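Chemist: Structure provided below as structure tokens; questions to follow.
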Amino acid sequence: MQNLIEQLNEYLLFRNFFEVIAGLDNTLLLLIISLPIGFVLSLLFALGRVSKNKFISKTIAFYIFTIRGTPLLVQIYLIYFGLGSVKFIRESFLWYLLKEPFWCGVLALTLNTVAYGSEIFRGGIQSVTKGQIESGLSLGFNRLMLLRKIIIPIALRKVLPSYGNELILMVKATSLVSLTTYMEMTGIARKIMAKTFAPVEAFVAAGILYLFLNFLMVQFVKYLEWKYNPHLRISKT
Amino acid sequence: MLKFDKLVFGDLGWGDELLIATLMTLTVSVLSMGLGLCLAIITVWAKLITNRITRLIANFYTTVVRGVPELLVIYLIFFGGNAVVMGIAKIFGYNKYIELNALTIGTIAIAFISATYSSEVIRAAYLAVNKGQVEAAKALGLSKFQIFMRVMGPQIIRHALPGIGNVWQITLKDTSLISVTGLVEIMRQSRIASNVEHSPLTFLITAACLYLFLTTFSGKLFKALELNYSKGYQ
């Protein structure tokens, strides 16, 4: 066994692999913070988008339009370089967070996923049929109950596949945060490349890890789909 | 803080540089979208013919490229592409050093990414065309080429256009990533300008507006195209 590991250590790819894994926790940290916040905000923004209040729905529509029309890289740079150049922010308490590339990354990723996610959830909410809402009303549900017991569960179940897509896009998007000197997997891979002059081995090692992360994400979404769509399961009896 | 007066054209501002950079972004997007569509058609063909090996290769390609961050694909092609090209050249007996320019590499990298998305769109569009129509065309004595040009082709385009429009938007936004290779497009130019003028906010907001303009405008164009191709269904 010892021999095998020593033999494998001869290969650059194998050594790189363990160096890149050291950045996995930084990548995961970005996701663990931005995805749950993004999920809750997406849901709220989607509800605001379909609300009858013109001001709220127009404002959210504008926000979604700007975020979806610009590359994530611009948003990350705007937050990291742009906000840092504003004197008012440098002197406020926000600077404690925004001077760290990590929190800039979290902010950019959250803003981005909320725009895409709320558009996805809006589709789900609007797909709830009138009859389902009417049956809820006939049972005497008030608006909150209607939302909690009928609209949101049905909407979430319907959008699971497309929200799963968005989650995978987010895993991929974390690599862009490496451009703000934050050392996650892509950043480490780039450092290895600068050290060893062997780009292919460095980036393939990182690529395998990203593929694995995305594979886990796909399985997770599949499990959720299985769990929350019991009426679609094929019975084994 | 905000120096929008630096956006004028001429020697005093960055207006003309940014305009050229915008054209560069458009060029890269159009080239890589075109190349990506060609690649996508090959991929779809490889997936649909009854050959297990080609299907395996095509599936491997789309799964891997879609599961890996775009930035990694660009780094891999940018830093590793030269070696591959030189290796191929060596087979043909050419031993000198070859360096691909940033435009070529960027176009190829983005095309590889965009092809994976377009291939799914085109595959779905191909499968959406009713088989009975091909049989009807055969019964009328149309040749294979005629069937493709007159029956399948237009319908595939109609089914694929909305999806292709989405892929175009993704491609356009992905071109911002090739600024890491040193190609002077919107992102790179605005970074250069903000470093010179010490005003990142101005030029990054300008870059965002330029991208917003490009995506909105091209989105309108695709809407018009969609309308044109679904004339028979209104």
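The values are calculated or read from the model by the stated rules, or taken from the named source; none is laboratory data. Since the structure is predicted, the reported quantities are computational estimates derived from the model, not experimental observations. Here the Cβ positions follow ideal geometry from the backbone for every residue, glycine too, while neighbour counts run over all protein chains shown.
Chemist: Is it true that residue A:4 is of a type in the set (A, V, I, L, M, F, W, C), part of a helix (DSSP H, G or I), surrounded by fewer than 19 Cβ atoms within 10 Å (Cβ to Cβ) and modelled with pLDDT under 90? Don't jump to the end; show me each part of the working.
Modeler: Values: of a type in the set (A, V, I, L, M, F, W, C): yes; part of a helix (DSSP H, G or I): yes; surrounded by fewer than 19 Cβ atoms within 10 Å (Cβ to Cβ): yes; modelled with pLDDT under 90: yes.
Taking the combined requirement at face value, the residue satisfies it.
Chemist: For residue A:144, indicate whether it is part of a helix (DSSP H, G or I) and within 18 Å of the chain's Cα centre (by Cα).
Modeler: On the way: part of a helix (DSSP H, G or I): yes; within 18 Å of the chain's Cα centre (by Cα): no.
No: the conditions fail for residue A:144.
Chemist: Among the residues in segment A:202-221, are any part of a helix (DSSP H, G or I), of a type outside the set (A, V, I, L, M, F, W, C) and modelled with pLDDT under 90?
Modeler: Among the residues of segment A:202-221, not one is part of a helix (DSSP H, G or I), of a type outside the set (A, V, I, L, M, F, W, C) and modelled with pLDDT under 90, which makes the answer no.
Chemist: Another question, if that's okay. Exactly one condition in (1) without any contact (Cβ under 8 Å) to a residue 60 or more places away in the chain; (2) farther than 19 Å from residue A:38 by Cβ; (3) not basic (Lys, Arg) is not met by residue A:214; state its number.
Modeler: For residue A:214, the exception is condition (2).
Chemist: Does segment B:120-134 include one or more residues that are at pLDDT 90 or above and basic (Lys, Arg)?
Modeler: Yes, that holds for at least one residue.
Each row is one residue, and each column tells you yes or no for (1) of a type in the set (A, V, I, L, M); (2) within 14 Å of chain B (Cβ to nearest Cβ); (3) more than 27 Å from residue A:227 (Cα to Cα).
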residue	(1), (2), (3)
A:56	yes, no, yes
A:65	no, yes, yes
A:80	no, yes, yes
A:87	no, yes, yes
A:91	no, yes, yes
A:102	no, no, yes
A:118	no, no, no
A:139	yes, no, no
A:151	yes, no, no
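Chemist: Shifting gears a bit: What pairs can you find where one residue is in segment A:178-202 and under 17 Å from residue A:29 (Cβ atoms), the other is modelled with pLDDT under 90 and of a type in the set (S, T, N, Q), and their Cβ atoms are less than 8 Å apart, with a gap of 6+ or different chains?
Modeler: Pairs that qualify, where the first residue is under 17 Å from residue A:29 (Cβ atoms) and the partner is modelled with pLDDT under 90 and of a type in the set (S, T, N, Q), are A:187/A:181.
Chemist: Now for a different question. Select from segment B:66-84 the residues that are over 18 Å from the mean Cα position of the chain (by Cα) and facing another protein chain (nearest Cβ under 7 Å) and list them in ascending order. Spell out how you get there, then give the answer.
Modeler: As a first pass, look at segment B:66-84 and keep what is over 18 Å from the mean Cα position of the chain (by Cα): B:79-84.
Scanning segment B:66-84 gives B:79, B:80.
Chemist: Return the residues of segment A:177-221 that are within 11 Å of chain B (Cβ to nearest Cβ), in contact with a helix residue (DSSP H, G or I) (Cβ under 6 Å, 6 or more places away or on another chain), of a type in the set (A, V, I, L, M) and under 29 Å from residue A:46 (Cβ atoms); say none if nothing qualifies.
Modeler: Residues satisfying the conditions are A:177, A:213, A:217.
Chemist: Across segment B:216-227, what is the total count of residues that are free of Cβ contacts under 8 Å to residues at least 24 places away in the same chain and within 11 Å of another protein chain (Cβ to nearest Cβ)?
Modeler: 2
Chemist: I'm trying to understand the selection: among the residues of segment B:85-113, which are under 16 Å from residue B:42 (Cβ atoms) and away from every other protein chain (no Cβ under 14 Å)? Please lay out each step first, then the result.
Modeler: Step one: filter segment B:85-113 for residues under 16 Å from residue B:42 (Cβ atoms), giving B:108, B:111-113.
Residues satisfying the conditions are B:108, B:111.
Chemist: While we're here: Checking residue A:128 against (1) surrounded by fewer than 17 Cβ atoms within 10 Å (Cβ to Cβ); (2) part of a loop (DSSP other than H, G, I, E, B); (3) in contact with a helix residue (DSSP H, G or I) (Cβ under 7 Å, 6 or more places away or on another chain), which test does it fail?
Modeler: (1)
Chemist: Identify the residue in segment B:167-199 that is within 10 Å of chain A (Cβ to nearest Cβ) and under 19 Å from residue B:11 (Cα atoms) and, among all such residues, is nearest to the chain's Cα centre (by Cα).
Modeler: Ranking the candidates gives B:186 first.
Chemist: Could you say which residue among B:203, B:213 is crowded, with 18+ Cβ neighbours inside 10 Å and either within 10 Å of another protein chain (Cβ to nearest Cβ) or among the basic types (Lys, Arg) (or both)?
Modeler: On the way: B:213 fails: crowded, with 18+ Cβ neighbours inside 10 Å.
Exactly one residue qualifies, and that residue is B:203.
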